[in-house]
Amino acid sequence: MNSAAPPDQADSALSALSASSAPPVAAASTDPLPTLLGWVARHTTPAALDWLQQQINQIRQSDNDNTLFKALGMAARKLGKADLALSAQDLAQACLLRPGFDPSGWSVDLAARVALILASFNGNAAQFAARLDRLADSGEINELIALYSGFALYPLGPEIEPRAREAIRSSMRPIFDAMALCNPYPMQQFDQAAWNQMIVKTFFLDSPLWPVQGVVQRANPDLSRILIDLAHERWAAARPISPELWRCVALHPGPDGLAALQRVLDTGSEPEQLAVALALQASHDPACAPLQAQCAANGLSARASKQGWPQLMQHWAGWAD
C-alpha cells in the first residue's frame, strides 16, 4: 500500500489547493437524541442508561464544561464499547436525522459521547463552537473521534466549520477518518478548497476513498489536476498509487488525465487496470469514449462491473502485499 507522506510534505502539497464555494445543505429538524439513546439502550443495562440520561440532564442544566468532559471520559466504562449493530431499518432512520448520516460503524460509547455533546447545545452556535474547540484541545483520542463523527448531526452553521477543517488537517488518521469517512458533513458543507484538501489527504494518509460521501458529486477539474500531478510524482519516485485516485481523475480528465489513464491501462497492474475501467464507467466526458471502448473490448469493463470499490481495493491490497 502507499506509504504516508510526512505531515510537512502533505501540508505543503495541500497548501496549493485553490478556493471555491459549495452551497450548504440544510440540516434535518428531527432531534437525534431519542434515536441515539434508543440505539444505546439495546446494548447496555437500565442502570447504565439511567446514568447516561442523568448526565444529559445535568449537561443541559449547566454551562460548565466540566460536567460534559467528565461524562465523556466515563462513557466507555459506564456503557461499554459494543458495536451498535444497526439494522437496515435503523440506517434508514438515520438518514431521516440528516441525509447521508451513516452510523453503521458506530459503537455504543461513540453514540453516547455524541449524544452528550449534542445535549450541550443550548441554541447559541458561537458558544457551541467554542465548546467543541475546548474539547478538541483537551480530549483523548476516542473523545476526539466522537467529537468529529458528531458533525454528521450537529446543528449546521458557519461557527463550527473551522473546527471541522482542523480534522482534515490532522496527520492522525483516526481523527481524519472520523471527519472524512461515512460522514455527510464534508460533502454538504465544505467549499471546494476544503473538499479537495480532504480528498488529496486521503492518499497521503492511506485512508480509503470509497467510504467518502459525495466523491462523484463533488468531483472537479482542479482536484483532477492535483491528483494527476500526485500520480506523476509517485511514478517518478517509483512509489505505488492507490487505484482509487483514478476515480476522481476519470470524471474530469482533460488531456493529461486521459494520458495518465491510458498509461495505467497499458502498464498498470491488474487491480489498477480494473480500477481505471470501473472509474471510466462513471464518466460522462465524451473524451473518455475511446478508453471506455478499449476497456469494453479487452473485458476489463465486464470484470470491473462485478466488483465495487471496496472489493477492488481488497484485491489491490493483496496484490500490493
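The values are calculated or read from the model by the stated rules, or taken from the named source; none is laboratory data. Since this is a predicted model, take the numbers as computed values, not measurements. All Cβ positions, even for glycine, are placed from backbone atoms using ideal geometry, and neighbour counts span all protein chains on display. Keep in mind that these areas ignore ligands, DNA and RNA; they rest on the heavy atoms of the full protein, side chains included. Shrake-Rupley method; radii C 1.70, N 1.55, O 1.52, S 1.80 Å.
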Discussion item. Among the residues in region 181-198, are any hydroxyl-bearing (Ser, Thr, Tyr), over 29 Å from ALA259 (Cβ atoms) and without any contact (Cβ under 8 Å) to a residue 60 or more places away in the chain?
Written reply: yes
Worksheet item: On the given criteria, is ALA85 of a type in the set (A, V, I, L, M, F, W, C) and either at negative phi or in contact with a strand residue (DSSP E or B) (Cβ under 8 Å, 6 or more places away or on another chain) (or both)?
Response: no
Worksheet entry | Unmet criterion (only one of (1) under 15 Å from the mean Cα position of the chain (by Cα); (2) assigned to a loop (DSSP other than H, G, I, E, B); (3) within 23 Å of LEU97 (Cα to Cα)) for SER207 | (3)
Worksheet item: Is at least one residue of region 94-112 in a helix (DSSP H, G or I), within 26 Å of GLN189 (Cα to Cα), out of contact with any Pro (no Cβ under 6 Å at 6 or more places or on another chain) and polar (S, T, N, Q)?
Response: no
Item to complete: Test ALA275 against the criterion of being surrounded by 20 or more Cβ atoms within 10 Å (Cβ to Cβ), modelled with pLDDT of 95 or more, in contact with a Ser or Thr (Cβ under 9 Å, 6 or more places away or on another chain) and not in a loop (DSSP other than H, G, I, E, B), and give yes or no.
Response: yes
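So in region 210-239, with the set limited to residues that are part of a helix (DSSP H, G or I) and among the aliphatic types (A, V, I, L, M), which one is farthest from the chain's Cα centre (by Cα)? Reasoning before the result, please.
Of all residues in region 210-239, those part of a helix (DSSP H, G or I) come to 221-236.
Okay, now just the ones that are also among the aliphatic types (A, V, I, L, M), so 223, 226-228, 230-231, 236.
Working: LEU223: 16, ILE226: 19, LEU227: 18, ILE228: 21, LEU230: 20, ALA231: 22, ALA236: 29 Å.
Selected residue: ALA236.
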Worksheet entry | Breaking point among (1) crowded, with 17+ Cβ neighbours inside 10 Å; (2) over 26 Å from ASN64 (Cβ atoms); (3) not hydroxyl-bearing (Ser, Thr, Tyr), for PRO174 | (1)
Fill in: Matching entry among ARG98, ARG77 (being charged (D, E, K, R) and open to solvent by less than 10 Å² (accessible area, probe 1.4 Å))
ARG98
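Every residue, every condition in (1) of a type in the set (Asp, Glu); (2) open to solvent by less than 50 Å² (accessible area, probe 1.4 Å); (3) at pLDDT 95 or above, yes or no:
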site	(1), (2), (3)
PRO221	no, no, yes
LEU230	no, yes, yes
ILE241	no, yes, no
PRO255	no, no, yes
ALA260	no, yes, yes
LEU265	no, yes, yes
Response to the item:
Among helices (runs of 4 or more DSSP H) entirely inside region 141-198, those with 1 or more residues being under 19 Å from ALA219 (Cα atoms) and of a type in the set (Lys, Arg) are 161-169
